[in-house]
1. Could you look at the stretch 13-110 and say what percent of its accessible area is carbon and sulfur, using a 1.4 Å probe and all protein chains?
2. Determine ³J(HN,Hα), in whole Hz, for all residues of the stretch 182-193 in sequence, where each value follows from phi through the Karplus function 6.51 cos²θ - 1.76 cosθ + 1.60 and θ = phi - 60°; x replaces Gly and Pro.
3. What length, rounded to one decimal in nm, is gained on full extension from residue 260 through to residue 318, with 0.36 nm per residue of separation minus their alpha-carbon distance?
4. Grab the other residues whose beta carbon is less than 13 angstrom from that of residue 365, score K and R as +1, D and E as -1, and report the net.
5. Between residue 478 and residue 64, 0.36 nm times their residue separation minus their Cα-Cα distance comes to what?
6. Please list 3J(HN,Hα) in residue order for the stretch 10-16, calculated via the Karplus relation 6.51 cos²θ - 1.76 cosθ + 1.60 where θ = phi - 60°; whole Hz, with x for glycine and proline.
7. Would you check the accessible area of residue 337, probe 1.4 Å, heavy atoms only, in square angstrom rounded to 10?
8. Round to a whole number: what % of the accessible area of the stretch 265-361 belongs to carbon and sulfur, probe 1.4 Å?
Amino acid sequence: MSTICETFFKGVKVKRLDDEGNSVNVYTKPVVVQLEYDPKGMLVKITEESEQKEFIVCKGSEFARVGRKGIIFKLSTETLLLTFASDEDSNQFTDAVMKIKADKSASVFSERTEESSASQYFQFYGYLSQQQNMMQDFIRTSTYQKAILDNPIDFSGKVILDVGAGSGILSFFAQQSGAKRVYAVEASSIAVHAAKLVAANNVDDVIKVLSGKIEEIQLPEQVDVIISEPMGYMLLNERMLETFLHAKKFLKPGGKMFPSRGDLHVAPFTDEALYMEQFNKVNFWYQEYFHGVNLSSLRNPAMTEYFRQPIVDTFDINICTAKTQRHIIDFQTAHETDLHRIEIPLEFHMLQSGTVHGLAFWFDVAFIGSNVTVWLSTAPTQPLTHWYQVRCLLSQPIFAKQGQLLTGRVLMVANAKQSYDLTIEVKIEGTNTVSSNTLDLKNPYFRYTGVTPAPPPGNTHTSPSEDYWAQMDLAGARQAVNLVNGVIVDGLGHVSLDSGPPAHAHQQPNIHQGSIPATGRREKGSSGSPAPPTSSATSLPFNQLIGGAVSPALLNSTSNQPLNFATSHSGAQAYPVIGDYAMIANNLRHMS
């Protein structure tokens, strides 16, 4: 176990040696040398304005003692001699280097992961900008917070392990829920920043940031709950789920995993535009006179490469031509080796006729607590997250009719690049129609543009023009009725500011277009304050159609169940909060 601490050595003289052994001062005066944790070993930093230096000390580093106070490092580009101010500093620095050099252990992680992949992985997550990207996914972050805070019986007074803690945000949630102690384990260099956050928020008596990989560290005690955010694209990419399951060696019998379960959903889809978009990329390689070079010999390899890319974006649920199949991973009982090879048999009863261009994937995870169960979903019917959805194209589309049975399989084989080699196969039962493809989950095509995906064409069964004018006629009729009653209403149903709202109008929270409601409970406004019109661009129902915390599909519900399980008739919450998956009652009429 290695706690996070930065070590500083003052008054260090630094010289550069040439090939003949001659030396020259790098700095005109002694400098401060700083040691920090690094996933490969130890980072040595010198932050002088004249010339900044940093290098990694790992098992393969070349170094030697020179006298009592000197240490020579042979780096890839130069050789440096560091002369410390005292024997004590020199010995302390040497001990730190020798500890790195003497570590001969081979962990489960290092055995299953290429060194180059691990290096890129930990470098990526060591940047604050990447942590910010994940933390700003408010659906993700707020659902985690709600799942933890709404299950205080599982956290209050308990010992918690946060696997792959990153910035430590989940550890803070556990502390907020009353945890006695939280071990925040992080293998990337972001651990240094996490420790600073913990100290700055005065919770270092509860949260202990530990640097290292779960597969390699030791904890001083067993834990009651393991929390983590280990999901990648298509749930399994990055193979972090294996680390999450490996951490169960620290879990007490009967302890909980948060999240507790993951569901991978699969469905056939039709999208001619997407297929042609990928297909037409190959046109570049048809050129026979590209700056005098014939590129056509690379057309077929280019076609194979483009179709090996899973496509990460979002789409309208109506492109799915059959109900999803679900592959469930129970994190409480699953072993990490269960994820090395995953085969999912497929059987779809086609709900509509059309061309099947591939398979669509998304996932849901459940936090099964002692008080409540909370779901985090990446489905296309739910608010968008940074996981989006994933689609895998078939090499050759196939045509299937409504009622036909589409069978096949999805085969996922883990590789050393912290990802999976993916094979999809589909067949129309009773025919010879078969198609397949092999994809590289490590190399996705990020296609998301920020534009709301359009529904598939051909699903409009009434005249849109007539529907529009019928709505306008209805609005005009309402205006006439309201004029008789003394209330001025415009053609869109907005009450004029001069007339005041009807006395029976419900109070609605005024939310900026595209925003996501906060997770805090909101008190009702005073009875005298006007309510925004429900058809306004800043009203709640409107926002839920363009990025609020509730699926647009739920707006059509006729269920009489309450909006939120935690909301009573006398409660103050006027809108759903992130993490509450409940039915909307009577088209939001009772939200007051």
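1. The value for the stretch 13-110 is 47 percent carbon and sulfur by accessible area.
2. Along the stretch 182-193, the couplings run 10, 9, 9, 9, 9, 8, 8, 5, 5, 4, 4, 5 Hz.
3. 17.9 nm
4. -1
5. Fully extending the segment from residue 478 to residue 64 adds 140.2 nm.
6. Rounded to whole hertz, the list is 9, x, 8, 8, 10, 10, 9.
7. Its heavy atoms expose roughly 70 Å² to the probe.
8. The computed percentage sits at 53.
The values are calculated or read from the model by the stated rules, or taken from the named source; none is laboratory data. Just so you know, these numbers come straight off a predicted model, no measurement behind them. For neighbour counting, all protein chains shown are included, and Cβ atoms are generated from backbone atoms with ideal geometry for every residue, glycine included. With ligands, DNA and RNA removed, areas are computed over all heavy atoms of the protein, side chains included. Shrake-Rupley method; radii C 1.70, N 1.55, O 1.52, S 1.80 Å.
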